[in-house]
Amino acid sequence: MTTTIASSGGRSALVSRSGVAEGAATGLIRQSRRRRLGRRPAIPGSRLLGPLIIVGAWQAAAWAGLLDPRLLTGPNVALQTAWGLIQDGRLGENIGASLSRAVLGLAIGTVTGVVLAVLAGFNRLGDSLIDGTLQVKRAVPNLALIPLLILWLGISEEFKITVVALGVLIPVYINTYSGLTGIDRRYIELAESLGLSRWQYIRSVLLPGALPGFFVGFRLAVVGSWTALIVVETINATSGIGYMMAQAQLYAQSDIILVGLVVYGVFGFTSDALVRLLERRVLSWRRTLAG
């Protein structure tokens, strides 16, 4: 009789324990499901979905006869035109000219913007001398400076590179300066309490805190360099994608204009993707929704 009671008691204890374990596991599963509030992991190539849908709708409209080919040709015609421009060498030559201007202007503007942001963010004197001046420049569009720059520099390559560099400088400066001055003061006090040297403070606190802001500005600057380039290459240029588009406008060649727009779009999308990849590599220690 005693054995039976003990046996049944053991079974009931096992049943109760298993029930508690199952309930706890179920609770953990529900809790984990409730806590997944962020975005799901990115799907490779998903950023191309929007552009592909637009191109598909554009091609469908062209095949349906909804577009006037004199004003807007279909993607298939633009692709054939691009292949012809590649074969006669015009597209490669103009792309090379545009790339050299964009890269050089981007490099000059980025370096200048970072240097000015560091000078303004490190001390009050630099802040007083630099930040107010660049905020005034920020309010003046680059298009308004073009007549003065032509007067100073003419319509040479220096003029085109300067306009691109000015378009790059402001977003790099604004976001880098914001990153430098927006570091939590508690981190600075912690560095002081640990007795870090000036170089250790810059390497361990200042640079990691400013890098996210810099990359935001750099992404804007990369796309901004192509935007500025479109403008300067239509002003008495003799090469470049903008020059090719301006010449096509004179002869109402909408297919060549579309090829130029697609090239600008591809370069902007690709350069932004490369900057995003570099940002993820450099800031691999940071866990965000974008990751």
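The values are calculated or read from the model by the stated rules, or taken from the named source; none is laboratory data. Everything quoted here is computed from the prediction, not taken from an experiment. So basically every Cβ, Gly included, is an ideal-geometry build from the backbone, and we count neighbours across all protein chains shown.
Each residue in segment 101-114 was checked for being surrounded by 15 or more Cβ atoms within 10 Å (Cβ to Cβ) and either closer than 20 Å to Ile235 by Cα or not aliphatic (A, V, I, L, M) (or both), and 9 of them qualify. Do we have Leu79 as part of a helix (DSSP H, G or I), at pLDDT below 85, within 30 Å of Gly242 (Cβ to Cβ) and within 29 Å of the chain's Cα centre (by Cα) here? So Leu79 does not fit the description; no. Selection of segment 205-252 for residues being in contact (Cβ under 8 Å) with a residue 12 or more places away in the chain, on the phi < 0 side of the Ramachandran plot and outside any helix (DSSP H, G or I) yields Glu233, Thr234, Ile235, Ala237, Ser239. Of the residues making up segment 203-247, those that are over 14 Å from the mean Cα position of the chain (by Cα), closer than 27 Å to Ile150 by Cα and surrounded by 21 or more Cβ atoms within 10 Å (Cβ to Cβ) are Ala228, Leu229, Val232, Glu233, Ala237, Gly240, Ile241, Gly242, Met244, Met245. Of the residues making up segment 137-169, those that are farther than 27 Å from Ser239 by Cβ and either at pLDDT 90 or above or under 20 Å from the mean Cα position of the chain (by Cα) (or both) number 1.
Annotation: of all residues in segment 248-265 being closer than 15 Å to Gly84 by Cβ and among the polar types (S, T, N, Q), the one that is nearest to the chain's Cα centre (by Cα) is Ser254. Out of curiosity, is Thr176 part of a helix (DSSP H, G or I), under 18 Å from the mean Cα position of the chain (by Cα) and not hydrophobic (A, V, I, L, M, F, W, C)? Considered against the rule, which asks whether it is part of a helix (DSSP H, G or I), under 18 Å from the mean Cα position of the chain (by Cα) and not hydrophobic (A, V, I, L, M, F, W, C), Thr176 comes out as yes.
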